[in-house]
Structures are given as C-alpha cells and as structure tokens.
Amino acid sequence: MLQAAQRAFRLANSTARGCFPALRLPIMENDSGTGPAAAKRRMRRGGAGLSTRAAGGAGVAAPPPAEALLASRAPGPPRGLMPLIAGRFMSSTTAEHLTATRFADLEGISPLTKRALAEVMRYEQCTDVQAASLPVCLSGADVCVKAKTGTGKTLAFLIPAFEKLQKDAHRRGKIGALIVSPTRELASQIAEEAKTLATFHGFGVQVMFGGTKIGRDEERLRKRIPDILVATPGRLNDHLTNGALAPAMSELKVLVLDEADRLLDMGFRPALETLLRALPAKQTRQTVLFSATYPSDIQKLCAFALRPNFDMVDTVGEEDTHAAETVEQLYHVTSMEDQAAALWAAVQQHIQSNPSGYKIMAFFVTARLTALYSELFEAMGQPIVEMHSRKSQSARTKAADKFRAGTRCIMFSSDVSARGVDYPDVTLVLQVGLPSEKAQYVHRVGRTARAGKTGQGLILLADFERFFLRQLSDLPLSPAPELPGMADARAAAAAGLRRVDAESKAAAYRTWLGFYKTHTKACGWSLPQLVEQANHFAHILGYDGVPPIEPKTVGMMGMKGVPGLNIVRSERKGSRQGGSPRPDAVNNAFRGRGMSSGPARDRSMPDVRDMEAAYYGGGPGPGGGGGSGGGGGPDRRRRRGAA
C-alpha cells in the first residue's frame, strides 16, 4: 500500500512539473520551487508536500491529486498584467491584438503544447502575429517576422521551437533551441514563458546574461545541459569562447534572434557575427528572426543568418500608425544651455496638469547621460526611477517593478526600456536629444497611449538637432507651446548642477562625444567642431576644464590628432577614468556597414555597457545620407501577410 501511494505521488508530481515518468528525465530546478527536490525540502520543513495525515488515521501518506498540484502551479496575475477571458492573464497591449484564430485549431502544434497553453497559460485565442507567423514557422522554413513588441511574439517563436525539438527527436544533453535577446529583462521574460510552456514536455530551460557570476552559469551547465537556452550575446560568446558551451551546440536545431533591430542598434553586430560563425551551419538548423523594422542592416543580417529563399511575414506594414493616431506629439527646440531647464519645466508642467496621477518616461541618448540627468533631478528635489545598462540586474528589476506599480512617478531611461517591457498608464514620453532613427522615435512614443488610452509625447532637441524633424514630417508633430517658468527652471538647473558629482559630468561628456561622433555629418560638424561642441557641453555642466579621455578611447573613435581633447593616460592599468564611451554611447556606429564591419572586444556583460565597439564612426546618422554597403545583395525572400 505504501509503495502504491509513493508511485501515485511520483506520477502526480511529475505531471504537475511537466515531466513524463516513463522517460525518467532529470528535472531542472528553477525559482518556482517545484519538482521532487522542492517537494522533499517542503516535507523536511513541514510544509506542503506529502500529507503527514493519512485518511482514516492510517500511517500511509496520502498523495495530493495531480489537479491540485497543477492548480498550485498555475500562474496568477503578474504585476502590470490584466485579467482576460477565461481567467487568462496577458498585458493590456497584447490583448489589443487578439484574433478569432484559436490555438486548438492550428495544425502542427502537439497535444502537450496545446495542453500547456490551455491549462497552465490559459490562452485560447492567437494574436495577429501568432496567427500570421505560426503556420509558416511550424513548416520548418527560415522566417523573418516583422512584428511590434507587445503583440505576443514570444509564443510565436517558442511554440515552433518546441514542436521542432519534439518532431526531430531532440537528443538530451544537447542544446536544441537557442534564443538570443538584446537585454537581460527580455531574456528573463522569455525564459519564464518557455518554462511555463514546457510544463508537459519536460524540456529544461536556462537563461544566461551578464551582471551575474559566470561560474554560476557553468555550474548549472555541468548539472544539466538545457534543451532551450535563452541568452544575451555577450555572455553567450563568453561561454563559446571558453569552450564550455560549444560542444553542446553541435546539434542545434532552432536559432531565434529576437528584436534583431534592437540588437544591432545596441552595438551587437560584432557579437552576432562571432556567434553565427561559432554555431553549426545555417543549412542544418531553422532560423527565425523577429524585428519591428526592416531596414538595410536587418536585410544584411537576414542574408547572413538565414537560408536563401527565407519567408517574410509582415504584421506591421509600411508604417506604424499607433503613435500617429493616439498620441499628441510635440517638439521643442532649444539651445544646449537651456536643455536641462526645458526638461525640468516640461516635467513640472505635466505634474501640475495631472494632480491625480502621472507616469512620465524620459529617454536619453546614452546610459551615462541618463545617470547624469537622474542625479541632477534628484539634486533638484525630484525623485527619479533610474533605468539604464549601468545598473545591476537586481536594481533594474526593482526599478521596473516600482515604476510599473506607481501612479505618481518618473523614469529616466536609456533605450533599455524603449521596447519589450510593458509599463501601464504612461501619460507622457519625453525624448531628450537625437533618436538614432525614426523607428526609435516611434517605439519610444509607443510607450504611452496603450490599451485605448490617450497620451502625450514631447521631444526636446538642441538647435543643432533640428534636422531630425524632417524625418518625422509624415507624423502629426506640432511645436510645443512656450514652456512656463523657464527663468526659475534655469536657476534651479544651475543650482542642481553644482551638486552633481564631477565624475558623473566627465563620464557624460565622454559618452556625449562618442554618440555625436556618429552623427557629425548630419549635424554639419567637422571633427574639431565636434570637440568644440563637446567641450562647450562640459562647460554647461559646470565641469572645471575639459574632462580627461584615454588615448585608447580617442583611437577607437577615430579622433587621433583632433585638437581640443584632454588626453590623459590612466595611472592604473585597466582603469577607464570613470568610463569611456561604449556602444550605448554610439547606438548606430555600425549602421551602413556590411556584416563584416570589424572586430569588437566583448566582455562578460551581455548588454551595451560592457562591449567596446571597434569603430565609432562610418555610419550615417539620422538624415546623414547613405553609407557603404548597399542593401546586402538581392532580397531573396517570399513575402507573406503584409498588413
């Protein structure tokens, strides 16, 4: 009788965890606290597990029913998500894109996947992206999907990956599917969704990103090679370079590049080149690429990563009309001296106009400038939620949760929050400085006016950035009314800058120089004029003299011999004098080059803060004309479903 009860418990527990007893697969533990090992821990602590009271007072442990275990594991409403039909939970943005197509009616999806969708994730209907792309991706073809964030695209690539592994008899101990994501936040979200979808498959899922000890990744890999790996490019290449991961990739069946346009914008082109060369040949795998836009650099990436005659699924069309239809869009052009004061005046005006509640997101061109303005506003008495790639993963998660749950709060962010993370009820989006391109402007504005609500966008440009307005000529952009209280704002900004740390100013100067080096043609500057403008910016910040910059950084930017720089060699080996410009300071440095733009040193962190681009110039900025490289050869694809 005892043996029968134990067998029943093992069956119930493995069913709830998503592992078939007949296969006797090892279970990868995760933070959810499920699985046999977790049950044993709960039993030792006297928590939930096998009941210590048998029916009728007998000394036999009564196993919990599988339904109860499954129900205990079913997800509740995550923060920032809304309840939907039949108890489902999804973001309000995704809910806008639901169609009449049901997962249960789609061919090529296994009963195990459909069961997880229906019983655990509680999804019934497909979004428009899923309905359009799933049939194509499930066919095994290489696919480029043009899709916006917040449209359910994660399941659009996870479901085909799972079906490919099951159909092709994936061998355990090898990585079958690799998903590459630009940021830690997105990688974590994808991994959590993959774990939930794997409930009845028994696939192991692991996520890797920087900001954590690489030894922890290696320890988990030694315990079990995951079937599905989600990672950011830098950390992934670290493991491939060290040799620990390469053998496990030898039978890769599916490669997914998520938010490919953002991967390139963040300076990951060299890392992607390295990765693609290290993986098995593209003829041996299925590759799926998702991108919100389809510019020439994405076309080149498709030619490099995908097999010829790949399919194209377009769920966006030629224009993203979301911002044009629902967001009041304004612009304000000012001198560089007045930019901080104008930002302060705009924020205070919005706060006073929305006494019952407001949620403001302000985007800056680099992480260091985000940190500078955050420090400035804190010094001026305005609390700020600071979000950028210089923050640790735990700090970024805490900041995201705080802003998501807040009702009277302001977030200052680099492009780490421009797409992919859903913040409800944003009332105002501010953009301070030059976006890298029109698509970036639109994506940022798209953080507001969601779920049928209205919102406002305001872009603050310096006078030398006015040219960018030509790129937005087809959008309903209007000049902002005169900002109130500018005299007081100037005085407050000047006083606040005196309390900002000098090294924060120096670091902001260096990233300002690096960012605008990529836009000198568009701004109409020579290199000496660029340095003159950068030094003037440092003077506006109240820095005493010209901030130091290392010879190595000057060389990387292609600015050797340019007068006006304060070149100082670091006294400590490996020191950065507080941080040299990195790819977050030069978002578009590689734009216009071919896929072989040159090498880059990739450090342990997988985001822009820890990669140094090998080239800082050579690409056209917004309005900067064409670059070398053309369109990457013939456009060999079959287009489907243009919206």
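The values are calculated or read from the model by the stated rules, or taken from the named source; none is laboratory data. For clarity, every value in this text was computed on a predicted model and none was experimentally measured. Note: ideal-geometry Cβ built from the backbone for every residue, glycine included; neighbour counts use all protein chains shown.
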Check: What are the pairs, 6+ residues apart or on separate chains, where a residue within the range 246-274 that is closer than 15 Å to H170 by Cα has its Cβ under 6 Å from a residue that is of a type in the set (G, A, S)?
Finding: K253/G176; V254/A161; V254/A177
Notebook entry, point to check: Of the numbered conditions (1) buried (at least 22 other Cβ atoms within 10 Å of the Cβ); (2) aliphatic (A, V, I, L, M); (3) farther than 17 Å from E259 by Cβ, V129 satisfies every one except a single condition; which is it?
Noted result: (3)
Check: Taking the range 219-256 only, how many residues are in a helix (DSSP H, G or I) and more than 20 Å from A271 (Cα to Cα)?
Finding: 5
Item checked: Candidate set from the range 460-483 (those that are surrounded by 13 or more Cβ atoms within 10 Å (Cβ to Cβ) and at pLDDT below 95); member that is nearest to L530 (Cα to Cα) -> Q471
Item checked: Enumerated helices (runs of 4 or more DSSP H) restricted to the range 496-548, each holding at least 3 residues that are at pLDDT 95 or above, crowded, with 19+ Cβ neighbours inside 10 Å and of a type outside the set (K, R) -> 502-517, 527-541
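Residue-by-condition table, conditions (1) under 30 Å from A522 (Cβ atoms); (2) in contact (Cβ under 8 Å) with a residue 60 or more places away in the chain; (3) assigned to a helix (DSSP H, G or I):
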position	(1), (2), (3)
Q382	no, no, no
A400	no, yes, yes
R404	no, yes, yes
V426	yes, yes, no
Q431	yes, yes, no
V442	yes, yes, yes
L461	yes, yes, no
Next item on the list: Could you grab the pairs with beta carbons closer than 6 Å, sequence gap of 6+ or different chains, first residue in the range 108-133 and among the small types (G, A, S), second one buried (at least 18 other Cβ atoms within 10 Å of the Cβ) and assigned to a loop (DSSP other than H, G, I, E, B)?
Entry: A116/T199; A116/F200; A132/T315; A132/G641
Next item on the list: Within the range 475-495, track down each residue that is of a type in the set (D, E) and assigned to a helix (DSSP H, G or I).
Entry: D488
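Quick grid of which residues meet (1) farther than 18 Å from T154 by Cα; (2) of a type outside the set (K, R); (3) surrounded by fewer than 19 Cβ atoms within 10 Å (Cβ to Cβ):
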site: R220; (1), (2), (3): yes, no, yes
site: I225; (1), (2), (3): yes, yes, no
site: A231; (1), (2), (3): no, yes, no
site: A260; (1), (2), (3): no, yes, no
site: D265; (1), (2), (3): yes, yes, no
Note to self: Looking only at residues that are in contact with a strand residue (DSSP E or B) (Cβ under 9 Å, 6 or more places away or on another chain) and farther than 30 Å from S296 by Cβ in the range 233-247, which one is surrounded by the most Cβ atoms within 10 Å (Cβ to Cβ)?
What the structure shows: L245
Check: In the range 248-268, which residue that is of a type in the set (D, E) and out of contact with any strand residue (DSSP E or B) (no Cβ under 9 Å at 6 or more places or on another chain) is nearest to A303 (Cα to Cα)?
Finding: D265
Next item on the list: Go through the residues of the range 149-168 one by one and say whether even a single one is touching a Gly at 6+ places or on another chain (Cβ under 7 Å), in contact (Cβ under 8 Å) with a residue 60 or more places away in the chain, within 24 Å of D128 (Cβ to Cβ) and not in a helix (DSSP H, G or I).
Entry: yes
Next item on the list: Output the residue which, of all residues in the range 102-142 that are among the charged types (D, E, K, R) and part of a helix (DSSP H, G or I), is nearest to K164 (Cα to Cα).
Entry: K114
Check: Which one of T183, T241, T199 is assigned by TED's automatic domain parsing to the domain that holds V288, under 23 Å from the mean Cα position of the chain (by Cα) and among the β-branched types (V, I, T)?
Finding: T183
Next item on the list: Would you mention how many residues in the range 546-559 are under 21 Å from A371 (Cβ atoms) and of a type outside the set (V, I, T)?
Entry: 4
